[in-house]
1. I'd like the orientation of helix 398-411 relative to the chain: the angle between its Cα long axis and the longest Cα principal axis, in ° from 0 to 90, rounded to 10.
2. Arranged by the count of other C-beta atoms within 10 angstrom, fewest first, what order do 146, 197, 32 take?
3. May I ask for the equivalent-ellipsoid semi-axes of the range 286-495, computed as the square root of five times each C-alpha gyration tensor eigenvalue and listed largest first in whole Å?
4. In which sequence would 480, 16 go, from the one with the fewest C-beta neighbours within 10 Å to the one with the most?
5. List the relative contact order of the chain as a percent without decimals, with contacts defined as Cα pairs under 8 Å and 6+ residues apart.
6. Percent relative contact order of the range 286-495, based on C-alpha pairs within less than 8 angstrom and at least six residues apart?
7. Taking only Cα atoms, what is the 0 to 90° angle, nearest 10, from helix 464-480's long axis to the longest principal axis of the chain?
8. Viscosity 1.306 mPa s, temperature 10 °C: give me the Stokes-Einstein translational D for the range 1-124 in µm²/s, with Rh taken as the Kirkwood radius over C-alpha pairs.
């Protein structure tokens, strides 16, 4: 089958939308680190829409940091790929043209560093997932003992971490043309712009205080909130898309209809007119960020761990269970919503109802295990912030504690039928060590996992309200299983 590319794009059926501009004449102004499915289904779509309305050199150079796979799929296609919207109402396909270049750090380092340092590059954006920042999730501080950071401080011209790569790029800009740049984090991290600024600043101080000062004067780090459900693309997805496209696309992405991008309007070197295509440019992203992390992401993680344990492969299957939906609604209404300072004009009840509907989209199968990945990096911002706020005011933490206990049961590495769980997490070996030492004793397992300061810091393990609730739920998960425990949580005084 002929492959999708600029030279073959005209062969796509009329029902498949195409870029409303000529991608060949678009210059590159954005370097994006982490050119995975989420970026291509979310921010690159906004970029494509903006280029259709307003020409400019705002094309994207996508950089893979760990694997050449995406580069090898996209480069032969001139960066083109299909964004496939799936919902009960049907399927819509469009070819995205905003990604103009794709590179892999492993064998294109010189070209990537040159692109990052180029005067024409005005935004460096990132979607590298929480674990990519080499930081302590509990405190948000750079882990100077992380092997990648140790390497990058010793070899500043050959960095392997995103933080080191950004610092090297900013130093190259400082020593050459001196032009400012914006670093735009699009990952699910609290106050993500300020957090990444702190990480880069700490690294720069350790490397060269003059660089740290230049960064303070010439770089901006606006915070953002991104929202769109994007499951992993399967081989069946590729085959179905090829049949609809009448061309082979090795890199399509699947996504839901909903999308949202909220951005603090603090750009050191200009930006595309994203607000003209639906992005929200605001002074303070924090209320949007907290709402999304604590309502959507927390519920997603709770469904992932507890739903997987109950035997469900996909989130939409969990969302079809009455007890799980009741658990989600009570968690959001009783424990999360009271902690939020809502954005002006947002109806939190409408937002919660929309989340239940989005999770239940059967046209977009999102694996529980995909969401369950890297929980040690996600729990602090998705669940533990809510727990701390409620502990400080005497409100309930029981349902959030059940979600944490679900994570503990999951990372023990054995499911309810005695089968091995393939735990994907930077701390997976530590989880396995703790689980082996506790030999199936849930009380001891809770105590061991609560001792992970990188996740829980020192305050939560010392609070008997939290430690006691988590331990009680973990004992229940081992005794009667996830489905029954969730049912009891929404029916008994434990959840009230």
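What follows is calculated from the coordinates using simple rules that are stated; it is not laboratory data. From a predicted model like this one, the values you see are computed outputs, not experimental measurements. When we count neighbours, we look across all protein chains shown, and the Cβ atoms used for this are built from the backbone with ideal geometry, even at glycine.
1. Taking the Cα atoms of the chain, the angle to 398-411 is about 70 degrees.
2. Starting with the residue having the fewest Cβ neighbours, the order is 146, 197, 32.
3. 25, 20, 16
4. Sorted ascending by nearby Cβ count, the order is 480, 16.
5. So the answer I get is 14 percent.
6. 27
7. Helix 464-480 and the main axis of the chain meet at about 80 degrees.
8. 107
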